[in-house]
């Protein structure tokens, strides 16, 4: 007779889903089956992020999204190119939208700002990566990755 693997009971993440810090959201989500209340709390977090994105970006206008490395330093030729590109995008009448971090994103937003244009940073909250730069007049910080991608795609 085959030995049976003992079944572990599903962890009680109902309380964790409500009071856990955002950094643990992925861990809690991947723990396994959860209660309906815990799933409802996750739904509310996602809805909150969508609402933040809609409200912050409502009056931004047409955008061009600039993706790029956060590890590029200001003395790099690509930084200078992104700076010029941000200014050119603004001169065409668009808002520059980036991930809100340093490097290429900072350069594009800085270029837009230097010529009097609009720039927006949409930062994703990650436990070990970039921290949003306070240099942006409009910056939203989002926890759920899908919401930030939707915000980029919706406005551009």
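Computed from the coordinates by the stated procedures, all read-outs in this text should not be read as laboratory data. Just so you know, these numbers come straight off a predicted model, no measurement behind them. For neighbour counting, all protein chains shown are included, and Cβ atoms are generated from backbone atoms with ideal geometry for every residue, glycine included.
Between residue 75 and residue 92, the distance separating the two model label sites (each 7 Å from Cα on the Cα→Cβ line) works out to 3.2 nm.
Taking 0.36 nm per residue of separation and subtracting the current Cα-Cα distance, fully stretching the chain between residue 115 and residue 54 would add 19.3 nm. Cβ crowding within 10 Å, taken as a proxy for footprinting-reagent exposure, orders 113, 84, 73 from fewest neighbours to most as 73, 84, 113. When the alpha-carbon atoms of region 49-101 are used, the pair Rg, Dmax equals 13.0, 38 angstrom.
Counting neighbouring beta carbons within 10 Å and listing from fewest to most, the residues 71, 48 come out as 71, 48. With neighbour counts taken as other beta-carbon atoms within 10 Å, the residues 79, 54 rank, fewest first, as 54, 79.
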